[in-house]
Amino acid sequence: MAIGHNWQRGTRNVPSVLNAVFDTAQSLDGRARDLAEQSGRPITSAIAMGNTREGVVALLCSIPGYRDFFEWAFPDEAEPITFDNIEKALAVFQATLLTPDSPFDRFLAGDTKALSAEEKEGLALFIDKGCAACHRGANLGGDRYAPCGVVQRPGAEFLPPDDKGRLMVTRTSDDAYSFKVPSLRNVASTAPYFHSGSSWDLEQAVAVMGTSQLGVELGPAETKKVAAFLVSLTGRQPSIVLPVLPPSVPSTPRPKL
C-alpha cells in the first residue's frame, strides 16, 4: 500500500504503471477512463498528495522553468499551465513506460528456445487450466473486469469485505467485489499481489487464483511451473534519465505540512 500525504496509508495495492497504456481503463476498479485522468487523481487525493487542482497550477506557474517547459509543450495555448495539461503531460510520459522483448515475446515471435522446458510447461498449464481466459491480449490482462472469487471467495486477507471494488464506481450490485483483471507483464517484479497487497509470494498467488477463480487445486509442481512461466513475462525495463528540476523561487507556495 502506498504511503501518502502526512504518512497516510492507502487502502489498496498500487498497480504498476509499466504498460498501463494498454489497459482498457485505469485504477483497479476502472474509475479513471485513461492515463490522463488517473494521473490527476493522486494529486488531488487527500490521502495521496493532498493538493488541489488550483494549488498545483499555482505552484507550477510560480516557477519560471516550468512555465518554459509548458510553453514549449503546448505552444498554441494562451495559458499552457492548466490542470488538464498537467494530466496530459504525465500521461504522455507514462505511455512511454513499456517493457518489450520479454522471453515470452521472443517465443511468440518464433524463438522456440526463448522459454525453458519448465516455462513451456507452465505456459501449457496457464492455457489448459483457464488462466488465459482472463489474462489475455497484448498486456495479458487489463482489458476486462472479473469478480474476485468466481468459484470460491478467498479469505478476508485476500478479499477485504469493506472494499467492494467496481461496485464503488458503477453502484451496480453485480459489480460487487469485481476488479480489473491485472496485467501479468512483469508480475514477478511487482509484488505484492492482489488489490489487497496480501501476498508477496508469486507461487502462493498462483495457487490462490487457481482455487478462487478457476476452482482448480494446483499441486506444488504445477504452481511452480506456472510461476516459472510468469517470470518469462518480465520485459526490458525502460531507461529513465532523471531531469534536473527547475528551482522554486521565493514566491513559490510552500508545502502544507
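The values are calculated or read from the model by the stated rules, or taken from the named source; none is laboratory data. Being a predicted model, the structure only gives us computed values, none of them experimental. Note that we place each Cβ from the backbone using ideal geometry, even for glycine, and neighbour counts take in every protein chain shown. Only protein heavy atoms, including side chains, enter the accessible area calculation; ligands, DNA and RNA are left aside. Shrake-Rupley method; radii C 1.70, N 1.55, O 1.52, S 1.80 Å.
Restricting attention to region 212-249, and to residues there that are β-branched (Val, Ile, Thr) and modelled with pLDDT of 95 or more, which single residue is farthest from Gly122 (Cα to Cα)?
Top of the filtered list is Thr234.
The one condition from (1) open to solvent by 70 Å² or more (accessible area, probe 1.4 Å); (2) modelled with pLDDT of 95 or more that Ser102 does not meet is (1).
Yes/no per residue for (1) among the acidic types (Asp, Glu); (2) touching a helix residue (DSSP H, G or I) at 6+ places or on another chain (Cβ under 6 Å); (3) at pLDDT 95 or above:
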residue	(1), (2), (3)
Arg12	no, no, no
Ala48	no, yes, no
Ala73	no, no, yes
Ala91	no, yes, yes
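Applying a threshold of 7 Å to beta carbon distances and a minimum spacing of six or more residues, or different chains, the list of pairs starting in region 155-170 at a residue that is over 25 Å from Gln204 (Cα atoms) and modelled with pLDDT under 85 and ending at one that is open to solvent by less than 80 Å² (accessible area, probe 1.4 Å) and aliphatic (A, V, I, L, M) is empty.
Condition check ((1) buried (at least 16 other Cβ atoms within 10 Å of the Cβ); (2) without any contact (Cβ under 8 Å) to a residue 40 or more places away in the chain) across all residues:
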{"site": "Thr11", "(1), (2)": "no, no"}
{"site": "Leu18", "(1), (2)": "yes, no"}
{"site": "Val56", "(1), (2)": "yes, yes"}
{"site": "Leu59", "(1), (2)": "yes, no"}
{"site": "Trp72", "(1), (2)": "no, yes"}
{"site": "Ala78", "(1), (2)": "no, yes"}
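Could you tell me whether region 199-210 includes any residue that is under 17 Å from the mean Cα position of the chain (by Cα), within 19 Å of Lys129 (Cβ to Cβ) and open to solvent by 20 Å² or more (accessible area, probe 1.4 Å)? Looking for residues that are under 17 Å from the mean Cα position of the chain (by Cα), within 19 Å of Lys129 (Cβ to Cβ) and open to solvent by 20 Å² or more (accessible area, probe 1.4 Å), one finds at least one in region 199-210, hence yes.
Can you tell me which residue within region 21-46, out of those that are part of a loop (DSSP other than H, G, I, E, B), under 23 Å from Lys164 (Cβ atoms) and in contact with a strand residue (DSSP E or B) (Cβ under 9 Å, 6 or more places away or on another chain), is most open to solvent (accessible area, probe 1.4 Å)?
Only one residue tops the list, namely Arg33.
For the residues Val187, Val181, Val169, the requirement of being within 16 Å of the chain's Cα centre (by Cα), among the β-branched types (Val, Ile, Thr) and farther than 21 Å from Glu121 by Cβ singles out Val181.
One residue is enough: does region 96-108 have a residue meeting the conditions basic (Lys, Arg), in a helix (DSSP H, G or I) and either over 16 Å from Gln26 (Cα atoms) or without any contact (Cβ under 8 Å) to a residue 24 or more places away in the chain (or both)? Break it down stepwise before answering.
Residues of region 96-108 that are basic (Lys, Arg), as a first pass: 106.
This time we only want the ones that are in a helix (DSSP H, G or I), so: 106.
With the extra rule that they be either over 16 Å from Gln26 (Cα atoms) or without any contact (Cβ under 8 Å) to a residue 24 or more places away in the chain (or both), the set shrinks to 106.
Checking region 96-108: at least one residue is basic (Lys, Arg), in a helix (DSSP H, G or I) and either over 16 Å from Gln26 (Cα atoms) or without any contact (Cβ under 8 Å) to a residue 24 or more places away in the chain (or both).
All told, Pro192 falls short of being touching a residue at least 12 places away in the same chain (Cβ under 8 Å) and open to solvent by 40 Å² or more (accessible area, probe 1.4 Å). Within region 211-253, being open to solvent by 80 Å² or more (accessible area, probe 1.4 Å) and either polar (S, T, N, Q) or more than 23 Å from the chain's Cα centre (by Cα) (or both) holds for Glu217, Pro220, Lys224, Gln237, Ser239, Pro243, Val244, Leu245, Pro247, Pro250, Ser251. Glu118 - would you say it is among the charged types (D, E, K, R), in contact with a Phe, Trp or Tyr (Cβ under 9 Å, 6 or more places away or on another chain) and in a helix (DSSP H, G or I)? Considered against the rule, which asks whether it is among the charged types (D, E, K, R), in contact with a Phe, Trp or Tyr (Cβ under 9 Å, 6 or more places away or on another chain) and in a helix (DSSP H, G or I), Glu118 comes out as yes. If you check Thr170, Thr234, Thr190, Thr211 for being of a type in the set (Val, Ile, Thr) and farther than 28 Å from Phe104 by Cα, only one passes: Thr170.
Within region 133-155, take every residue that is charged (D, E, K, R) and more than 15 Å from the chain's Cα centre (by Cα) and give me the one that is least open to solvent (accessible area, probe 1.4 Å).
The extreme case among them is Arg136.
If you check Leu108, Leu90 for being surrounded by 14 or more Cβ atoms within 10 Å (Cβ to Cβ) and closer than 25 Å to Leu18 by Cα, only one passes: Leu90. The set of residues in region 111-129 that are within 24 Å of the chain's Cα centre (by Cα) and surrounded by fewer than 17 Cβ atoms within 10 Å (Cβ to Cβ) contains only Ile127.
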